[in-house]
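Worksheet: one structure, shown below.
The values are calculated or read from the model by the stated rules, or taken from the named source; none is laboratory data. Note that this is a predicted model, so its numbers are computed, not measured. Cβ coordinates were reconstructed from backbone atoms using ideal geometry, including for glycine residues, and neighbour counts include every protein chain displayed. In case anyone asks, the SASA skips ligands and DNA or RNA and just uses the protein heavy atoms, side chains included. Shrake-Rupley method; radii C 1.70, N 1.55, O 1.52, S 1.80 Å.
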Amino acid sequence: MQVQVINKEIREHSIENIKRKMSKKKNKKPLQAYAASWANDDRLYDSVGYTIFIVLPTSGCEWATKSGGCTMCSYIADSPLCDISSENFIEIFDNEWNKQLEKVDISSKENVAVKLFVSGSFLNTNEVPAEVQEYIFNEFNKYDNIKEVIVESKPEFIDEKSLRRLATCIPEKIFEIGIGLETLNEDTRLNKINKGITNASFERAVKIINSVEEYDIRPKAYLLVKPILLSEKDAINEAINSAKYAKEVGVKRLAYCPATVHTGTLMEYLWKRGSYNPPWIWSTVKIIKEVRNNVDIPMIMDTAGFGTRRGPFNCKKCNSKLKNLIIESNLKQEISKELEEFTCECKERWEADLEFGDIINSTTNPKI
């Protein structure tokens, strides 16, 4: 399939979908309904800690509303696609934050992290106004045992002024900014994911983050396992090489996101036509082994969607077991003997996919 055809399809398919959704969604659902929060044990830099996850609605990812967004991303579906005042934003945050404080006395926890998701870029003041950013960070700073505050942003919104402004609100905490690098391969990132991020822009953002030495600000790379139009073998190789690249340019932590097929995405469009499958769980295991042994920075492999129809899948005999072993690996930052030696009869089919997948893909031209 030609890159030009892919890009044309992205624009026409995604932007028209966004326009239809904006029309349908207007005033149909209360803003609070787009928010969510939960908590569980997760890996911090230095230990396992209690981690609070908060999802807040915004007017929508600016990249998605202007370009059609990334081919695997459902951020538009997760956003109300309307203007949100700073007052409403703060009210929604307070509701979710207080829910978590009512469930657990976090002051009793030794190490706490907060991961904040906004279906876009937290540092983009068009999505999250500066006064809202600062209000949220000031709330986190009230707790000495909150060790890490993690947000996400595209590179173009990362600058020294913004970083310093927010870091002064949480001066004693690790302030981490996750960037959706997805892959080191620019062709994959620009033409198959439609990310709009070059290697140069990523490297520039990492350099800026690492240059603010008076605060503990750290860059993290999100890496996508198996974008569309990649064979299983190529997807594994890109994922492993992307970790090496990210470490070389100064990233301090890695978070792998194995593809899950979300509604309304180009990935779903291809999946429904038999032209795409999410990665095997075996592929994520191979990535974990290679990266843990060769890239000496913390990494986690997200297991959301494992064993589901739209997510990474092996077979019913081993899906749950491998998922649990990977979660254990995330928490301990090591490969257990059981994970190292684990096998199942479905592994032969995965190995066949690696061996013959390139041949199959080279003779298949999905009609979009």
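Report whether or not residue 213 is assigned to a helix (DSSP H, G or I), free of Cβ contacts under 8 Å to residues at least 60 places away in the same chain, closer than 24 Å to residue 155 by Cα and over 18 Å from the mean Cα position of the chain (by Cα).
Details: assigned to a helix (DSSP H, G or I): no; free of Cβ contacts under 8 Å to residues at least 60 places away in the same chain: yes; closer than 24 Å to residue 155 by Cα: yes; over 18 Å from the mean Cα position of the chain (by Cα): yes.
It is false that residue 213 is assigned to a helix (DSSP H, G or I), free of Cβ contacts under 8 Å to residues at least 60 places away in the same chain, closer than 24 Å to residue 155 by Cα and over 18 Å from the mean Cα position of the chain (by Cα).
Residues of the range 319-347 being outside any helix (DSSP H, G or I) and of a type in the set (Val, Ile, Thr), which ones? Give the steps one after another, and end with the answer.
Going residue by residue through the range 319-347, those that are outside any helix (DSSP H, G or I) are 333-336, 342-346.
Once the filter is applied, which keeps residues that are outside any helix (DSSP H, G or I) and of a type in the set (Val, Ile, Thr), the range 319-347 yields 335, 343.
The sole residue among 50, 45 that is surrounded by fewer than 19 Cβ atoms within 10 Å (Cβ to Cβ) and in contact (Cβ under 8 Å) with a residue 40 or more places away in the chain is 45. Only one entry of 269, 256 meets the criterion of being open to solvent by less than 20 Å² (accessible area, probe 1.4 Å) and either under 15 Å from the mean Cα position of the chain (by Cα) or in contact (Cβ under 8 Å) with a residue 60 or more places away in the chain (or both), and that entry is 256.
The strands (runs of 3 or more DSSP E) located wholly in the range 112-207 that include 1 or more residues which are on the phi > 0 side of the Ramachandran plot and open to solvent by less than 30 Å² (accessible area, probe 1.4 Å) occupy 174-182. Of the candidates 261, 249, the single residue that is open to solvent by 30 Å² or more (accessible area, probe 1.4 Å), in contact with an Asp or Glu (Cβ under 6 Å, 6 or more places away or on another chain) and aliphatic (A, V, I, L, M) is 249.
Quick check: anything in the range 219-229 open to solvent by 50 Å² or more (accessible area, probe 1.4 Å) and outside any loop (DSSP other than H, G, I, E, B)? Checked against the condition, which is being open to solvent by 50 Å² or more (accessible area, probe 1.4 Å) and outside any loop (DSSP other than H, G, I, E, B), the range 219-229 yields no hits at all. When each of 281, 297 is tested for being surrounded by 23 or more Cβ atoms within 10 Å (Cβ to Cβ) and in contact (Cβ under 8 Å) with a residue 24 or more places away in the chain, the lone residue that passes is 281.
The residue that is surrounded by the fewest Cβ atoms within 10 Å (Cβ to Cβ), counting only those in the range 65-106 that are at pLDDT below 90 and in a helix (DSSP H, G or I), is 66.
The set of residues in the range 314-336 being more than 19 Å from residue 299 (Cβ to Cβ) and open to solvent by 70 Å² or more (accessible area, probe 1.4 Å) consists of 316, 317, 320, 321.
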